[in-house]
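The values are calculated or read from the model by the stated rules, or taken from the named source; none is laboratory data. Small disclaimer: the values here were computed from a predicted structure and weren't measured. A quick note on method: Cβ atoms are made from the backbone with ideal geometry, for glycine too, and the neighbour counts reach across all protein chains shown.
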Amino acid sequence: MLAAAPLAGRIPLACLAGILVVVAYNMSEWRIFASALKGHRYDATVLLVTFFITVVFDLVLAIEVGMVLAAFLFMKRMSDITELKPALTEGPEAEEGEVKVPPGVRLFDVNGPLFFGAAQKFQDVLTEINDREKVVIIRLRHVPMIDATGMHRIGHIVHQLERQHKRVFLTDVRPSVAQEIRQEPWFREQLLVADAQEALKQSQA
């Protein structure tokens, strides 16, 4: 190949232009581009903005802006799937083996990562609880991670409920999440309980 390198100068430019057109066409992946535009509008927006910046400015800036937009999009989607709702303990939709909650006790399930994009939903706990409910159990079995804002929100909820003379339990906490909770200034060991059944036993003690 090296020996034949000088011969490259003898290749007609029109021939090289044709080769470059074919290579550029294959690299453009226009079918993937068109398919992405037919997807979710958020993804299409990120694609168009990145493409526009690449053409008008440069690739480096486009990559930086695209990464930032993609990060915000990810946080938006994660906050959308995070929910906090009263647990279904009775009826056909209740899970098999679900704990039976007696009067005066409120059981909540938190599903999804609890970070600053979804932490505000945690405030809904206060509006769902009435004065007759003296025990609040917050089940975190479907929470894979909690960031600093989520930790602050949990601490605020615990503080507000205890000011109303209610007992609060955090149950079914994953080991990694429990380790982070234990480092918080508001944490007390009696807040963490293995499961909802154990929390009910302690609340009746």
- Message: Need pairs with beta-carbon distance below 9 Å; first residue over 18 Å from P144 (Cα atoms) and in the same structural domain as V105 (by TED's automatic domain parsing) and within the stretch 165-191, second assigned to a loop (DSSP other than H, G, I, E, B) and among the β-branched types (V, I, T); sequence gap 6+ or separate chains.
- Response: K166/I129
- Query: Can you find a residue in the stretch 189-203 that is hydroxyl-bearing (S, T, Y), crowded, with 16+ Cβ neighbours inside 10 Å and at pLDDT below 85?
  - Reply: yes
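Report those helices (runs of 4 or more DSSP H) wholly inside the stretch 18-103 carrying at least 1 residues which are under 30 Å from E198 (Cα atoms) and at pLDDT below 80.
Values: elements: 30-37, 41-56, 59-81.
Per the criteria, 59-81.
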- Query: Since I138 meets every condition but one in (1) under 22 Å from P102 (Cα atoms); (2) assigned to a loop (DSSP other than H, G, I, E, B); (3) not polar (S, T, N, Q), which condition does it not meet?
  - Reply: (2)
- In the stretch 158-174, which residues are out of contact with any strand residue (DSSP E or B) (no Cβ under 6 Å at 6 or more places or on another chain) and either in a loop (DSSP other than H, G, I, E, B) or modelled with pLDDT of 90 or more (or both)? Q164, H165, R174
